[in-house]
Amino acid sequence: MNPAWPTDITDHRHSGVLEITWTDGKSSRLGHALLREQCRCAACEQQRRQGQGNPPASPGLRLETIEPVGEHGLNLGFSDGHDRGIYPWAYLRQLGTP
Ligand SMILES: [Zn+2]
């Protein structure tokens with residue numbers, strides 16, 4: 001059984017948390033700001049390489065769109081207009097594991 005596979009995805013918009021439940025029964029609670037800061041799209045990765053660190057999450061930033069990317073993961077769009085990040089399941093699982 002692949003543990004990095006979601007059985008349920010719930011966006012708690014008011015608290016700014018994306019909750020993913022996995023096939024092994026564990027769940028990950030991912031803050032919208034954290035997800036934005038950990039974006040791995042080409043532009044954000046380039047910023048990191050240039051030493052600018054993680055992209056900043058503006059105050060009150062919220063997740064706006066959640067689109068499945070085949071069986072690979074999720075494409076997340078944020079209220080600051082940034083919607084390029086693809087988040088593979090294994091990466092989401094890793095981010096949600098303290
Ligand atoms: Zn990005």
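The C-alpha atoms of the chain occupy a region whose extents along the principal axes are 39, 28, 26 Å, arranged from largest to smallest.
Of all the options Pro88, Pro59, Pro68, the one that moves most in a Gaussian network model of the chain with Cα springs shorter than 10 angstrom is Pro59.
Name the most mobile residue of Arg48, Arg62, Arg84, meaning the one with the largest mean-square fluctuation, in a Gaussian network model of the chain with Cα contacts below 10 Å. Top of the fluctuation ranking is Arg48. Rounded to the nearest 500, the 222 nm mean residue ellipticity of the chain from helices alone is -5500 deg cm²/dmol, with -39,500 (n - 2.57) taken per DSSP H run of at least 4 residues. One Cα centroid belongs to region 68-98, the other to region 1-51; the line between them spans 5 Å. For the pair Thr21 and Gln46, the difference between a 0.36 nm per residue extended length and the Cα-Cα distance amounts to 5.9 nm.
Only four residue types carry charge here, +1 at the Cβ of Lys and Arg and -1 at the Cβ of Asp and Glu. Report the dipole size of the chain about the Cα centre in Debye, rounded to the nearest 20.
Details: 10 positive and 11 negative charges, 66 e Å.
Here the chain has a charge dipole of around 320 debye.
Quick note: the coordinates plus some simple rules give every number you see, no bench work behind them. On a predicted model such as this, the values are computed, not experimentally measured, just so you know. Glycine also receives a Cβ, built like all others from the backbone with ideal geometry; neighbour counts cover every protein chain displayed.
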